[in-house]
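Asker: One structure is given below, represented as structure tokens, and several questions about it will come after.
The values are calculated or read from the model by the stated rules, or taken from the named source; none is laboratory data. Everything numeric in this text was worked out from a predicted model, so none of it was measured. Every residue, glycine as well, gets a Cβ built from its backbone with ideal geometry; the counts of neighbours run over all protein chains shown.
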Amino acid sequence: MSATPRRVENLHTDKGKVPVYATGIVEQPWDDYSADDHATWATLYARQREVLAGRASDEFIQAQDAMGMTPDRIPRFADLNEVLRDATGWTLIGVEGLLPELDFFDHLANRRFPVTWWIRRPDQVDYIEEPDLFHDLFGHVPLLMNPVFADYMEAYGRGGVKAHGIGPEALQNLTRLYWYTVEFGLIRQKDGLRIYGSGIVSSKGESLHSLESAAPNRIGFDLERIMRTRYRIDTYQKTYFVIDSFEQLMDATRPDFTPIYARLARQDSIPAGTVLDGDKVYQRGSGEGWASDGDV
Ligand code: PHE
Ligand code: CO
């Protein structure tokens, strides 16, 4: 596989026209994907769809179906972009990998979602440390079809630009919100708890762990609590936060966070595995007992 970095000049952003450099946006080198690459996509796609039946939120499954993603080959960003444009106005852009925070926020604020162009190797189907095409495309992109979630992602991008200007602590608070919603969020449907977070939907192990293991806590969405809660990126989560709907998420995050950041700056962070008095705790797995509190 080899990328064909392309220099895109004068991209429109909320700051006007700015130049974007070759390291920023990469045209998806679709013709260069190998048979192994397509097979990895097919394997993961089929496996996750099976795992997610009855586990992912109905909104996620509906959105993924509506996009026309299929297991048979890695989708072309250009094809998905036509569908997304009509649904919510989002655009996928190819990238090499994680972006500097401010670039990432700026893309989201302008309804551009960065997608890693390369897919993991066949020996990495169960676990990979950094986001690849499967995580980004299968995990993140479907919910961009959902109008409310699409708005949330844009608002998050604008909030990120703002938090970046306030300082590192504000940025940390906001990053935790992304982590516990966009990446690892659960949602309560009429018929039970479901997954919507991308980090979960793209992982077989965490799909099962998040819903069926007795170990993690499942706590009702609480903005300030989330912003104070630490997390680990290299193990399954110890706590998941549960929303009732994407509207609830939108409403709870609409207020100006500036005074919240100021207030949180005077409070301690919370270890990832802690249950506090007064937490609204949702269904636990079939096992007994609570996860031990707090060493993250
Ligand atoms: N209301 C937030 C702010 O003032 C912006 C935001 C919206 C952040 C949605 C995250 C998610 O910073
Ligand atoms: Co992600």
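Asker: For the stretch 113-135, name all the residues that are charged (D, E, K, R) and more than 14 Å from ligand 2 (Cβ to nearest atom).
Answerer: Scanning the stretch 113-135 gives ARG121, ASP123, ASP126.
Asker: Something else now. ASP295 fails exactly one of the following numbered conditions: (1) more than 30 Å from VAL161 (Cα to Cα); (2) of a type in the set (Asp, Glu); (3) modelled with pLDDT of 95 or more. What is the number of that condition?
Answerer: (3)
Asker: Okay, moving on. Enumerate the pairs (first residue in the stretch 193-213 and more than 22 Å from VAL281 (Cβ to Cβ); second residue anywhere and of a type in the set (Asp, Glu) and assigned to a helix (DSSP H, G or I)) with beta-carbon separation below 6 Å, excluding pairs fewer than 6 apart on the same chain, so at least 6 apart or on different chains.
Answerer: Listed pairs, sorted by first residue: SER198/GLU183.
Asker: Oh, and also: Which members of the stretch 23-71 meet the condition of being in contact (Cβ under 8 Å) with a residue 40 or more places away in the chain and among the hydroxyl-bearing types (Ser, Thr, Tyr)?
Answerer: THR23, TYR33, THR40, THR43, TYR45, SER57
Asker: Filter the stretch 220-276 down to the residues that are farther than 14 Å from TRP179 by Cβ and of a type in the set (Lys, Arg) and list them by number.
Answerer: Residues satisfying the conditions are ARG254, ARG263, ARG266.
Asker: Then there's this: Got at least one residue in the stretch 39-49 being in contact with an Asp or Glu (Cβ under 8 Å, 6 or more places away or on another chain), surrounded by 12 or more Cβ atoms within 10 Å (Cβ to Cβ), over 30 Å from GLU101 (Cα atoms) and modelled with pLDDT of 95 or more?
Answerer: Yes, the conditions are met somewhere in the stretch 39-49.
Asker: So, in the stretch 47-93, exactly how many residues are among the basic types (Lys, Arg) and closer than 18 Å to PRO147 by Cα?
Answerer: Residues in the stretch 47-93 being among the basic types (Lys, Arg) and closer than 18 Å to PRO147 by Cα: 1 in total.
Asker: Within the stretch 187-207, which residues are crowded, with 20+ Cβ neighbours inside 10 Å and away from ligand 2 (no atom under 16 Å from the Cβ)?
Answerer: Result: ILE187, ARG194.
Asker: Enumerate the pairs (first residue in the stretch 134-163 and over 19 Å from ARG254 (Cβ atoms); second residue anywhere and in a helix (DSSP H, G or I) and within 15 Å of ligand 1 (Cβ to nearest atom)) with beta-carbon separation below 9 Å, excluding pairs fewer than 6 apart on the same chain, so at least 6 apart or on different chains.
Answerer: Listed by first residue and then by second, the contacts come to GLY139/GLU183; HIS140/MET153; HIS140/VAL182; HIS140/GLU183; LEU144/ALA150; LEU144/MET153.
Asker: Looking only at the stretch 136-156, which residues are within 14 Å of ligand 2 (Cβ to nearest atom), closer than 21 Å to ILE260 by Cα and out of contact with any strand residue (DSSP E or B) (no Cβ under 8 Å at 6 or more places or on another chain)?
Answerer: TYR156
Asker: Being more than 23 Å from THR274 (Cα to Cα) and free of Cβ contacts under 8 Å to residues at least 12 places away in the same chain is the filter here, so list the residues in the stretch 231-252 that pass it.
Answerer: Scanning the stretch 231-252 gives a single hit, ASP251.
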